[in-house]
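The values are calculated or read from the model by the stated rules, or taken from the named source; none is laboratory data. The shown structure was predicted, so the numbers you read here are calculated from the model rather than taken from an experiment. With ideal geometry, Cβ positions are generated from the backbone for all residues, glycine too; neighbour counts draw on all protein chains shown. Protein only, heavy atoms only, side chains kept; ligands, DNA and RNA dropped before computing areas. Shrake-Rupley method; radii C 1.70, N 1.55, O 1.52, S 1.80 Å.
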Amino acid sequence: MPTSKQVIKTSTKIALTTTIAASYVAKYGLSFTTGLAKTLYGGALNMANDFAPVNINFGTGNYLLNSAQDLADKGCDSLIKMQKYVRGRI
């Protein structure tokens, strides 16, 4: 017969494993969304250049998208690392 401490420990590990899986899904979902945003941004930029050709490109849109993606990836990686550490300590 398992003790209440063992049940709590197992339940906590299962919950942490579930949150780790959810963090991975969020990370790759954000990556997919960022890729889609880059595609839509490129299409909008091409359409804008077709209507009003301007040879000025500051590159701020790509920079902001890449910076946001890097920040989200680092945040998700840190979160996953922390969750794995906590799961290992239980």
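Observations, loosely collected:
The rows are residues; the columns are (1) out of contact with any strand residue (DSSP E or B) (no Cβ under 6 Å at 6 or more places or on another chain); (2) at pLDDT 80 or above; (3) over 30 Å from LYS5 (Cα atoms).
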{"site": "ALA44", "(1), (2), (3)": "yes, yes, yes"}
{"site": "ASN49", "(1), (2), (3)": "yes, no, yes"}
{"site": "PRO53", "(1), (2), (3)": "yes, no, yes"}
{"site": "LEU65", "(1), (2), (3)": "yes, no, yes"}
{"site": "SER78", "(1), (2), (3)": "yes, yes, no"}
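- Some residue of the range 37-50 being outside any helix (DSSP H, G or I) and open to solvent by 100 Å² or more (accessible area, probe 1.4 Å): no
- Subset of the range 58-69 that is free of Cβ contacts under 8 Å to residues at least 12 places away in the same chain and open to solvent by 60 Å² or more (accessible area, probe 1.4 Å) - its residue that is nearest to ARG89 (Cα to Cα): ASN66
- Top-ranked residue in the range 19-36 [being open to solvent by 40 Å² or more (accessible area, probe 1.4 Å) and small (Gly, Ala, Ser); ranked as farthest from ALA72 (Cα to Cα)]: ALA21
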